Amino acid sequence: MATRAKVSTDQAAILTSATLETLADRISAGQAEDLAYQLPDGIDDHLRKPPPLRGKGEQAKPFGLDEFVRRVADHPGIDRALAGTGVRAVLTTLREAVSRDEFEDAMAQLPKEFRQMIEPVGVGGRQRPSS
């Protein structure tokens, strides 16, 4: 992700956590949990909300891509100019890190404009086969 976004590893970690936490607000709790299950320990926690903050049946908050990027940029340590690039890099890396089915299920909960943020398969990475 750091290479894709052309940022330091520290900045990449901050962008990753902010993007995944914002994604967890935007998609259903069940879908966020499904994605988290396929991510490495430590990264998965950013998609999980403690029970008092979000229940399993809680609905996604409806907001578009511009608001998504703004919310990422509002996290401490995020340079506003890098927020869009960071979101693109994190979502593209997420596509490669989880099964195609889980990624498609998450994308189905987002407006079509989010797909435009994700690099095409084969650009700067690989597509993981579905499981």
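Screening S99 on (1) modelled with pLDDT under 90; (2) farther than 19 Å from L15 by Cβ shows it passes everything except condition (1).
State yes or no: is P62 loosely packed, with under 13 Cβ neighbours inside 10 Å and of a type outside the set (S, T, Y)?
Details: loosely packed, with under 13 Cβ neighbours inside 10 Å: yes; of a type outside the set (S, T, Y): yes.
Taking the combined requirement at face value, the residue satisfies it.
If you go through the stretch 73-83 one residue at a time, do you hit one that is modelled with pLDDT of 95 or more and open to solvent by 60 Å² or more (accessible area, probe 1.4 Å)? Scanning the stretch 73-83, I find at least one residue that is modelled with pLDDT of 95 or more and open to solvent by 60 Å² or more (accessible area, probe 1.4 Å), so the answer is yes.
Test S130 against the criterion of being over 27 Å from D10 (Cα atoms), at pLDDT below 95 and crowded, with 16+ Cβ neighbours inside 10 Å, and give yes or no. In short, no. Pairing each residue of the stretch 21-50 that is farther than 21 Å from A83 by Cβ with any residue that is open to solvent by 40 Å² or more (accessible area, probe 1.4 Å) and basic (K, R), provided the two are 6+ apart or on different chains, yields C-beta distances under 6 Å for A29/K56; A36/R48.
For the stretch 97-106, a residue qualifies if it is open to solvent by 10 Å² or more (accessible area, probe 1.4 Å) and closer than 18 Å to F63 by Cα, and exactly one does: D105. Can you tell me which condition G55 does not meet? The list is (1) at negative phi; (2) modelled with pLDDT under 90; (3) open to solvent by 70 Å² or more (accessible area, probe 1.4 Å), and all the others hold. Of everything listed in (1) at negative phi; (2) modelled with pLDDT under 90; (3) open to solvent by 70 Å² or more (accessible area, probe 1.4 Å), G55 misses just condition (3).
The values are calculated or read from the model by the stated rules, or taken from the named source; none is laboratory data. What you see is a predicted model; the values in this text were computed from it and never measured. Cβ sites come from the backbone with ideal geometry, for glycine too, and all protein chains shown count toward neighbours. For the accessible areas, the whole protein counts, side chains as well, though only heavy atoms, and no ligand, DNA or RNA atoms are used. Shrake-Rupley method; radii C 1.70, N 1.55, O 1.52, S 1.80 Å.
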